[in-house]
Amino acid sequence: MSTASRLPEFAGRLTSRLPRTVDARVRRLAVASLIGQTLLVVTGGAVRLTASGLGCPTWPRCTDTSLVNTAEMGIHGFIEFGNRLLTFALAAVAVLMLVYLWNLRRERRDLFLLALGLLASIPAQAVIGGITVLTNLNPWVVGLHFLVSMALVVIATLLVNRAYGRTGRFAVATLPALPGVLRPVTAAVALFSALAVMLGVVVTGAGPHAGDADAPRNGLDWDLFSHIHAVPAYLVTAGTLFALVLVFTRRIPGLFRTAAILLLAVTLLQAVIGFTQYYNGIPALLVGAHMLGAALLMGAATNAADVAHSSPTK
């Protein structure tokens, strides 16, 4: 029998071993995607905050003659190349997720499309990262790179919720009825969270942590945009507190209660970090913590809005 004639038989044996229901393997991969996307934000922050943005001065190679960093490049080359390697790890997770969902690609099209979106975004992120290097860390391109990562955190959060049957058409969790107002409120909180993150990118582009001593800044007034950036953050806090008042006065149990408490905790943590860094000269470590907090905020806001949207109303 020729090799070509054996391919269908081999493919059949392979697909027969893949899940036909959303099992623990699929759920673990969804969680790995969310953790990985959050970790990518952290490592990207480490690249910029340690002035390693041009640790690999070319793209797609690390140097003109090497695909990887060399010993002569020191710690900056190691940090930058490590961030690039994480992208490949995330690509592997996304590919594996699609493989495990192959038998479910029609039945659970929601999961398959979310996983496909994560995979499709990875080469786009790589190209944006390359443009970042080739433009000497242009702050607007750096900001775009960060915002795409935030969008991927949102997608990965939805993937986790769907994989665990918490939300969506195939939800298995029992969600209590919510006051109708909570759907638009949580949607607005998620929108204001995204706006706060986008304005934070503008503030960062005007600040001192450029990723390299010779990298340009966007030329805007850092102090002014810091105050503008705080406005949607205040609205996020107000919306979250309003949701929690309803949760406790109406005695709403379950997933939404947990989601709202988590969102408030992340929001308050971000506020503390933001004010502390503002009044202490923007230390790099706190900036990195604020970047991690931005990813956690987007995940928490997405989760709350997703649970509210999937809950019945009363």
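Every residue, every condition in (1) farther than 22 Å from G274 by Cβ; (2) small (G, A, S), yes or no:
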position	(1), (2)
R162	yes, no
A173	yes, yes
G180	yes, yes
G205	no, yes
G219	yes, yes
A230	no, yes
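Looking at segment 141-166, which of the residues that are β-branched (V, I, T) and modelled with pLDDT under 95 is nearest to L195 (Cα to Cα)?
So the first thing to find is which residues in segment 141-166 are β-branched (V, I, T), and the list is 141-142, 148, 153-155, 157, 160.
Going one step further and asking which of them are modelled with pLDDT under 95, we end up with 141-142, 148.
Numbers: V141: 17, V142: 17, V148: 14 Å.
This residue is V148.
When segment 256-314 is examined, which residues are found to be among the polar types (S, T, N, Q) and surrounded by 16 or more Cβ atoms within 10 Å (Cβ to Cβ)? Outline the logic, then answer.
Filtering segment 256-314 for residues among the polar types (S, T, N, Q) gives 258, 267, 270, 276-277, 280, 302-303, 310-311, 313.
If the condition is that a residue be among the polar types (S, T, N, Q) and surrounded by 16 or more Cβ atoms within 10 Å (Cβ to Cβ), then T267, Q270, Q277, T302, N303, S310, S311 are the ones that fit.
Go through segment 158-184 and give me each residue that's open to solvent by 10 Å² or more (accessible area, probe 1.4 Å), among the β-branched types (V, I, T) and touching a residue at least 60 places away in the same chain (Cβ under 8 Å).
Listed by number, the residues that qualify are V160, T174, V181.
Inspect segment 203-210 for any residue being open to solvent by less than 10 Å² (accessible area, probe 1.4 Å), under 19 Å from M298 (Cα atoms), among the polar types (S, T, N, Q) and under 24 Å from the mean Cα position of the chain (by Cα) and give the result as yes or no.
No.
Restricting attention to segment 135-173, which residues are closer than 16 Å to R109 by Cβ and not in a loop (DSSP other than H, G, I, E, B)? So that I can check it myself, show each step before the final result.
Going residue by residue through segment 135-173, those that are closer than 16 Å to R109 by Cβ are 155, 158-159, 161-163, 165, 167-171.
Residues satisfying the conditions are I155, L158, L159, N161, R162, A163.
The values are calculated or read from the model by the stated rules, or taken from the named source; none is laboratory data. Just so it is clear, the model here is predicted, and its values are computed rather than measured. Virtual Cβ from ideal backbone geometry, glycine too; neighbours counted across all protein chains shown. The protein model used for the area step is the full one, side chains on, heavy atoms only, and it has no ligands, DNA or RNA in it. Shrake-Rupley method; radii C 1.70, N 1.55, O 1.52, S 1.80 Å.
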